[in-house]
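Step one of this worksheet: look at the structure below.
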Amino acid sequence: MSKNDIKVALIGNPNTGKTSLFNQLTGLNQKVGNYPGVTVDKKEGTSKLSATQNAIITDLPGTYSINPTSLDESIVLKTLLKKDIKESPDVILVVADVENLKRNLLLFSQIKDLEIPTVLAINMVDQMHRKGISIDLSLLKKELNTEVILISARKSEGIDEIKEAIIRCHIAAKASPLCGIDHKIDPDYFHKLKEISPNYSLYELWLMVTQSNFPETITKEEKEKLLSFKQDTSKLKKYQHKETIYRYQEINKILKKTYIVDKTKATDLRGRLDKIFTHRIFGYVLFSLILLVIFQSIFDLASVPMDLIDGTFAQIADFAKSNLPKGVLTDLLTEGIIPGIGGVIIFIPQIAILFLFIAILEETGYMSRVVFLMDKIMRRFGMNGKSVIPLISGTACAIPAIMATRTISSWKERLITILVTPFTTCSARLPVYAILIALIIPDIKIFGFLNLQGLVLLLLYALGFASAIIAAYILHKTLKVESKSFFVVEMPNYKLPSIKNVFFEVVEKTKAFVFGAGKIILALSIVLWFLASNGGSSYKNAQKTVVENAAYQHLNEDEIQQKIASLKLENSYIGMLGKTIEPVIRPLGYDWKIGIALITSFAAREVFVGTLATIYSVEADDENTSTIKEKMASEINPDTGEKRFNFPVGMSLMIFYAFAMQCMATFAIVKRETKGWKWPLIQLFGLAFLAYISSFLTYQILS
Amino acid sequence: MSTIADLHKGEIGYISEESLDVIPLKLLEMGCIPGAEVILIQLAPLKDPLYICVNGSHLAIRKETADLIKILKSE
């Protein structure tokens, strides 16, 4: 970034194609960062405006007004009120949707009053004809006193004109308010407000008062004066209402002269689609079918790349092992880091596919219909129509799912959604379920066509959703959380999804998983590797002990190596931990070896399978499920002489994994999103308690 | 006086002036202002939420909000 770059802030209502325009302007030159102090993603990109001029474009969260009602929206106001030369935008690019121009101009009028150079891009003009809309562009420019460009971001029409307009607007650097709120509402009141500081426009000062959002550059004296305006809150509220009405009056006046809709020419595709998609019966039937298709595809499409990744990482580890000099660092690499990274990458296919579907549903406008259909039902359980998206996302990974709760403006509804999301069966539970089902459920067909193993897996998914709903209901009835809730959702027009937008969305969500969960999974893998490969004196003497005894037992070389590995693990730090917790987990049917797997899988649930593979000393180059399965199947419980992984133990384990929050990354994200230790700790211990009791009952009743 | 919640599917009303103080600011900003035309497009089961088109904006609001907003029905 050079000093000459123009800083452009991209602002617009949701569903105006703002993201499309951002993608058009920046292409692949974009990155996601963070706003200081908050967890909202900051999307930035560079755009080449002309041969000599670049722009840094910041894509601000979509909002209907600069008066914020959510964390995401408050970023918009914060950015606009900045007076820092380095960070405050030089030019604001407002995107509006041609069909909802009136509402979009409300935001535009607010921004214009901040007296920052502004360009207005009216998007989706390719739809104008079909909707019977015509615009008098030159008159609109004059009335709005700004650069107005008609564009179609999806068809990349008007992009060059926008670039030119940004440069012109930056050079002219003229900015004048559009609505001048002062003389219309209460001239004396606003005159006094204006006198507080000459460094800010009247509207900026008004926003500081109404939103209590003071930029760092404001002096203490000025701030005190502004605070005195806040005392009469009913007056503030009244004036805010009046301001909005006044803005609409002005906008109506302008649009009357410049914007004509001939309804007879409009086609009502939206109305016809809404009749089906929001129908009180067909609406739900269609939604169920769509869910079915999504889950089917996740399993069918993801299995091939997942196997491929699994195999590749095993090969990389083998290659490193046989080509690097023997030592601790090589061990760390081949047994800690490489499998750790593999354990993260393996989930990418499922997560990417699920978010592909969610992105398509959101792009088409269908997701808002789901919110509409589900709101009343979800509200009974203390949640919100918008909670449906996190709960579906949770079947891939809880990390992006919990981040998706940010759109829920009621804190109580959002908190409940966050707390119950880990109940949904995420992709890390699948390998655990898969191996346990294979061990304890016979591979037979019931009624001639239903695969019993598949049925059990389906029941586990149902258990996940059902317990999420029940837990939400209990929380709804017991939680005493102050929250003022107001619910409004825009029902955008239906449109075909843009491949580019969907692609960027999937990449972004997958990245959130890789960098959110991935870091923690990797770090914990390394810690666990250390704990498993170090120990006290018995650990160090393992080799000697086995070799000394080998002579009597007539073991061959392979068997000796396996014995050493088992003995080492048993006496490693992690083995000691497993033995320490054994008395606690014995009532659930587990021994210390399973205990080790429970501890290690706190990094990520699927580590359970890998750990058992190590414990039952499966050779590294032979690490496929069938052999782990065989080893597990032949494991004997010395107390009873029966199989260790019998039906009660297997069921008890699956129930444990269904409930326990065996995921460090989820804990971390809940702490971040709820801004404190309280809720993640309550969640962690609550779920652990539930898992323990349920597994205890399962084991005791079945055995 | 009737409210948005009293509208039948497809019926049109006009938001009354006296509702100004009870309409949440966010809803005002989305176009739900006194004098604006409001059409009920669809009702979810149990008549909640309501899918309305107000001042050209297509919105879903809960019944508890719709109950507050008084309207004049067109004759």
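The values are calculated or read from the model by the stated rules, or taken from the named source; none is laboratory data. All values derive from a computational prediction rather than experimental measurement. Every residue, glycine among them, receives a Cβ derived from its backbone with ideal geometry; neighbour counts consider all protein chains shown.
Tell me, yes or no, whether segment A:94-115 has at least one residue that is away from chain B (no Cβ under 14 Å), of a type in the set (A, V, I, L, M), buried (at least 24 other Cβ atoms within 10 Å of the Cβ) and touching a helix residue (DSSP H, G or I) at 6+ places or on another chain (Cβ under 7 Å). Among the residues of segment A:94-115, at least one is away from chain B (no Cβ under 14 Å), of a type in the set (A, V, I, L, M), buried (at least 24 other Cβ atoms within 10 Å of the Cβ) and touching a helix residue (DSSP H, G or I) at 6+ places or on another chain (Cβ under 7 Å), which makes the answer yes. Kindly check whether there is at least one residue in segment A:61-69 that is β-branched (Val, Ile, Thr), closer than 22 Å to A:His170 by Cβ and at pLDDT 90 or above. Looking for residues that are β-branched (Val, Ile, Thr), closer than 22 Å to A:His170 by Cβ and at pLDDT 90 or above, one finds at least one in segment A:61-69, hence yes.
Contact map, segment A:285-306: first residue under 19 Å from B:Ala44 (Cβ atoms), second residue surrounded by fewer than 16 Cβ atoms within 10 Å (Cβ to Cβ) and β-branched (Val, Ile, Thr), Cβ cut-off under 8 Å, separation 6 or more or different chains; pairs are A:Leu286/A:Ile276.
Of the residues making up segment A:380-411, just one is in a helix (DSSP H, G or I) and out of contact with any helix residue (DSSP H, G or I) (no Cβ under 8 Å at 6 or more places or on another chain), namely A:Trp411. Contact map, segment A:491-507: residues that are over 20 Å from A:Ile353 (Cβ atoms) and within 14 Å of chain B (Cβ to nearest Cβ) paired with residues that are assigned to a loop (DSSP other than H, G, I, E, B) and of a type outside the set (S, T, N, Q), Cβ distance under 7 Å, separation 6+ or inter-chain. Pairs shown: A:Pro492/A:Gly365; A:Asn493/A:Gly365; A:Tyr494/A:Gly365; A:Lys495/A:Gly365. Taking the listed residues A:Leu475, A:Leu419, the one that is within 27 Å of B:Leu46 (Cα to Cα) and in contact with a helix residue (DSSP H, G or I) (Cβ under 9 Å, 6 or more places away or on another chain) is A:Leu475, with no other qualifying.
Among the residues of segment B:56-75, which ones are at the interface with chain A (Cβ under 9 Å from one of its Cβ atoms) and modelled with pLDDT under 90? Within segment B:56-75, B:Gly56 is the sole residue that qualifies. Got a number for residues in segment B:1-16 being over 15 Å from B:Asn55 (Cα atoms) and either among the hydrophobic types (A, V, I, L, M, F, W, C) or in a helix (DSSP H, G or I) (or both)? Total meeting the criteria: 4.
Annotation note: of A:Arg379, A:Arg414, the sole residue that is within 21 Å of A:Gly464 (Cα to Cα) and within 14 Å of chain B (Cβ to nearest Cβ) is A:Arg379. Of the residues making up segment A:242-254, those that are surrounded by 19 or more Cβ atoms within 10 Å (Cβ to Cβ) and facing chain B (nearest Cβ under 7 Å) are A:Thr244, A:Tyr248.
Candidates in segment A:436-476 are the residues that are under 20 Å from A:Asp375 (Cα atoms) and hydroxyl-bearing (Ser, Thr, Tyr); of these, the one that is surrounded by the fewest Cβ atoms within 10 Å (Cβ to Cβ) is A:Tyr473. Within segment A:232-259, the set of residues being within 30 Å of B:Leu43 (Cα to Cα) and in contact (Cβ under 8 Å) with a residue 60 or more places away in the chain comprises A:Thr244, A:Tyr248, A:Asn252. A:Lys326 passes every criterion in (1) without any contact (Cβ under 8 Å) to a residue 24 or more places away in the chain; (2) in a helix (DSSP H, G or I) apart from (2).
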